[in-house]
Amino acid sequence: MEQKETIFTTISRLAQEYNAINLGQGFPNFDPDPRMVNILKELADQKVHQYAPMKGNPKLISRILQLTDHFYQRKLTPENVLITAGATQAIFTAITALVNNGDEVIMFDPAYDCYETPILLQGGVPVRINLTFPQYRIDWEMVEAKLSTKTKMIIVNNPHNPSGATFTESDLDQLENILERYPKLIVLSDEVYEYISFQPHLSCHNREILRKRSVIVSSFGKTLHITGWKIGYMIAEKQLLDQITQVHQYNVFSVNSLCQEAISKFIEIDEVEALSSFFKDKKQLFLSRIQNSKFKILPSGGTYFQLLDYSNISDESDGEFALKLIKEYGLASIPVSGFYKDKSDHKVLRFCFGKDDESLIKASEILCQI
């Protein structure tokens, strides 16, 4: 399989080379809660440095059960949870465990780049469907046309990276309808931005049929501003999770024991509930300062990403325009065509507003000059 440098790697490298403000990288540039850092420091002197249990630290799993019950009214047992080395490992492991040679997997573009590779490595067939533009909604009629007896999995991402689009009740209805008609079909639901949603998050956790047939992926990295700790988790019914765990045990076996212990001692429901307001303020700061720019602001219901349409400014490709922003203006973003297999170019760039206020203010000043 040919391996190319991802657009994320390219942009980050150029941002560093040109000393640009980097709103391309999809992670915060500010520190996590100092209380959690202090917990980590204190734990470093304790006996928490050997292998954690394969499925995860029991105390952390207990916290996850509490969160899931509180936010989704879904009561689970430890058998339903698997702690992973980040969401990417969770996705890779789930696909490896559940997709076989010749199976078709429906996924939606623009898509994060970690979905396709494990499908191909398993001999599966990615079936890519473009979301509608500029709403970035799923065209369910198109999905119906692509479904077949070979379809093994549908991958959904909600809230959606890069657009910030979020599911409606109708989307959940459509998914349920498909599962009822295709009894072997599985949903892989990437919900790593579930707690960065600017309206009530509609999850696969919310529907009984979806609960039974979905593998739901979450991330403490997004929730607690600790992406470098690489702690994610999966929730699924036991029969699905047992299959995934068989792969997990020969992949990473267990996940960072120190970080799991620190999170288990820190995380509380009120910390998570405050997250959406925190990022809503970040978003408002950024958008309020670019209202008078020439960029068109596209709707975003969740994540810490904001898409800006520059079609009123330039006819250049999004890749060319993103490079110009870095080299001439000192501001990095991600061209959205990089999320499409067919490289669809709608003249849109992705900006991450999960940054400190100083970076957002400086970036907005640059955008208003263009």
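The values are calculated or read from the model by the stated rules, or taken from the named source; none is laboratory data. The model shown is predicted, which means the values in this text are computed figures rather than measured ones. Here the Cβ is made from the backbone with ideal geometry for all residues, glycine too, and neighbour counts use every protein chain on show.
In the list T166, T117, which residue meets the criterion of being in contact with a helix residue (DSSP H, G or I) (Cβ under 9 Å, 6 or more places away or on another chain) and touching a residue at least 60 places away in the same chain (Cβ under 8 Å)?
T117
Can you give me the number of residues within the range 335-351 that are of a type in the set (A, V, I, L, M, F, W, C) and assigned to a helix (DSSP H, G or I)?
The qualifying residues number 2.
Got at least one residue in the range 194-201 being in a helix (DSSP H, G or I) and in the same structural domain as I106 (by TED's automatic domain parsing)?
no
Scan the range 186-207 for residues that are over 16 Å from the mean Cα position of the chain (by Cα) and either buried (at least 24 other Cβ atoms within 10 Å of the Cβ) or modelled with pLDDT of 95 or more (or both) and report the count.
Selection size over the range 186-207: 4.
Return the only residue of V156, V127 being β-branched (V, I, T) and touching a Ser or Thr at 6+ places or on another chain (Cβ under 6 Å).
V156
What tally of residues in the range 231-290 results from selecting those that are assigned to a loop (DSSP other than H, G, I, E, B) and either at negative phi or buried (at least 18 other Cβ atoms within 10 Å of the Cβ) (or both)?
Number satisfying all stated conditions: 15.
N29 - would you say it is in contact with a helix residue (DSSP H, G or I) (Cβ under 8 Å, 6 or more places away or on another chain) and more than 12 Å from A262 (Cβ to Cβ)?
Against the criterion (in contact with a helix residue (DSSP H, G or I) (Cβ under 8 Å, 6 or more places away or on another chain) and more than 12 Å from A262 (Cβ to Cβ)), N29 qualifies.
Condition first: without any contact (Cβ under 8 Å) to a residue 40 or more places away in the chain, of a type outside the set (D, E) and within 15 Å of I290 (Cα to Cα). Now tell me which residues in the range 311-361 satisfy that.
N312
Out of D69, D45, report the one residue that is farther than 23 Å from N251 by Cβ, over 23 Å from the mean Cα position of the chain (by Cα) and either surrounded by 13 or more Cβ atoms within 10 Å (Cβ to Cβ) or without any contact (Cβ under 8 Å) to a residue 24 or more places away in the chain (or both).
Only one candidate passes the filter, namely D45.
Taking the range 206-230, which residues are under 21 Å from E268 (Cβ atoms) and either part of a loop (DSSP other than H, G, I, E, B) or touching a Leu at 6+ places or on another chain (Cβ under 7 Å) (or both)?
Residues satisfying the conditions are T223, L224, H225, I226.
State yes or no: is G24 surrounded by 15 or more Cβ atoms within 10 Å (Cβ to Cβ), in contact with a Phe, Trp or Tyr (Cβ under 8 Å, 6 or more places away or on another chain) and either on the phi > 0 side of the Ramachandran plot or β-branched (V, I, T) (or both)?
No: the conditions fail for G24.
Which condition number does I61 fail, the rest of (1) over 30 Å from V247 (Cβ atoms); (2) not in a loop (DSSP other than H, G, I, E, B) being met?
Result: I61 passes all but (1).
Take the residues of the range 208-230 that are buried (at least 21 other Cβ atoms within 10 Å of the Cβ) and of a type in the set (K, R): which is nearest to the chain's Cα centre (by Cα)?
Among those residues, the one meeting the criterion is K222.
Output the number of residues of the range 146-170 satisfying the condition of being in contact with an Asp or Glu (Cβ under 9 Å, 6 or more places away or on another chain), outside any loop (DSSP other than H, G, I, E, B) and surrounded by fewer than 17 Cβ atoms within 10 Å (Cβ to Cβ).
Going through the range 146-170 one residue at a time, the tally reaches 1.
Just to be sure, is I119 assigned by TED's automatic domain parsing to the domain that holds A87, more than 24 Å from F198 (Cα to Cα), modelled with pLDDT of 95 or more and not hydroxyl-bearing (S, T, Y)?
In short, yes.
Which residue pairs have Cβ atoms closer than 9 Å, lie 6 or more positions apart in sequence or on different chains, and pair a first residue in the range 123-143 that is farther than 21 Å from G164 by Cα with a second residue that is aromatic (F, W, Y)?
Final answer for the pair search is P126/Y115.
Can you name every residue in the range 119-136 that is out of contact with any Lys or Arg (no Cβ under 7 Å at 6 or more places or on another chain) and assigned to a strand (DSSP E or B)?
V125, P126, N130
Identify all residues within the range 322-338 that are crowded, with 22+ Cβ neighbours inside 10 Å and in contact with a Lys or Arg (Cβ under 9 Å, 6 or more places away or on another chain); write none if there are none.
L331, S333, I334, P335, V336
Considering only residues that are within 15 Å of the chain's Cα centre (by Cα) and of a type in the set (S, T, Y), which ones fall in the range 91-121?
Y112, Y115, listed by residue number.
How many residues, within the range 171-190, are among the aliphatic types (A, V, I, L, M), in a strand (DSSP E or B) and free of Cβ contacts under 8 Å to residues at least 60 places away in the same chain?
1
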